[in-house]
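The values are calculated or read from the model by the stated rules, or taken from the named source; none is laboratory data. The shown structure was predicted, so the numbers you read here are calculated from the model rather than taken from an experiment. Reconstructed Cβ throughout: ideal geometry from the backbone, glycine too, with neighbour counts over all protein chains shown.
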């Protein structure tokens, strides 16, 4: 059971911060991983001195190990700006495309993020991310190579 204190959006994901009665401590839960929710009638009080900002700064501070730089075509610029402008550095290009720059602790999430934009995204930095995206795309091509194109 969790006594919810706050919802916060960080690194493209929603998190629930609350007091975990099982662990008897403040915890952070990714909302997309919560499998079941039941409303409880048990009253609780959030500490008056609780600060979401301070908690996030101390508990979820991950020093970026990589600086990711991605060029995104103009067709995706609005969507990227709407979803990520608050935590990415976005540079507009003359043709309407953008260059997004952000720090990450690891490349797993960044790989999926780049792939989610398909051919509209091109990794500029770091080379390790380029290799991961290429490997994932080649793997997908191999998987679907056995299927004939749909003529319909």
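Some points to look at:
- All of (1) modelled with pLDDT of 90 or more; (2) in a loop (DSSP other than H, G, I, E, B); (3) within 19 Å of the chain's Cα centre (by Cα) hold for residue 95 with one exception: (3).
- Close contacts from region 118-135, counting a first residue that is part of a helix (DSSP H, G or I) and a second that is surrounded by fewer than 17 Cβ atoms within 10 Å (Cβ to Cβ) and at pLDDT below 95, with Cβ to Cβ under 8 Å and a gap of 6+ residues or different chains, come to 128/66; 129/66.
- Residue match in region 1-15 (condition: more than 26 Å from residue 86 (Cα to Cα) and either out of contact with any strand residue (DSSP E or B) (no Cβ under 7 Å at 6 or more places or on another chain) or loosely packed, with under 10 Cβ neighbours inside 10 Å (or both)): yes
- In region 38-63, the qualifying residues are those that are exposed (fewer than 10 other Cβ atoms within 10 Å of the Cβ) and closer than 25 Å to residue 102 by Cα, and the one that is modelled with the lowest pLDDT is 61.
- Of the residues 5, 15, 44, the single one that is over 19 Å from the mean Cα position of the chain (by Cα) and part of a strand (DSSP E or B) is 5.
- Every condition in (1) at pLDDT 90 or above; (2) within 30 Å of residue 20 (Cα to Cα); (3) not assigned by TED's automatic domain parsing to the domain that holds residue 18 holds for residue 118 except the one numbered (2).
- Evaluated against (1) over 20 Å from residue 130 (Cβ atoms); (2) surrounded by fewer than 15 Cβ atoms within 10 Å (Cβ to Cβ); (3) in the same structural domain as residue 137 (by TED's automatic domain parsing); (4) touching a strand residue (DSSP E or B) at 6+ places or on another chain (Cβ under 6 Å), residue 89 falls short on exactly one condition, (1).
- Residues located in region 47-62, provided they are within 18 Å of residue 13 (Cα to Cα) and not in a loop (DSSP other than H, G, I, E, B): 52, 53, 55, 56, 57, 58, 59
- Exactly one residue among 95, 32 is touching a residue at least 12 places away in the same chain (Cβ under 8 Å), exposed (fewer than 11 other Cβ atoms within 10 Å of the Cβ), closer than 30 Å to residue 131 by Cα and touching a strand residue (DSSP E or B) at 6+ places or on another chain (Cβ under 8 Å), and that residue is 32.
- Annotation: residue 76 fulfils all but one of (1) without any contact (Cβ under 8 Å) to a residue 24 or more places away in the chain; (2) part of a helix (DSSP H, G or I); (3) over 14 Å from the mean Cα position of the chain (by Cα); the unmet one is (1).
- Scanning region 24-33 for residues that are over 26 Å from residue 88 (Cβ atoms), part of a loop (DSSP other than H, G, I, E, B) and not assigned by TED's automatic domain parsing to the domain that holds residue 112 turns up at least one hit.
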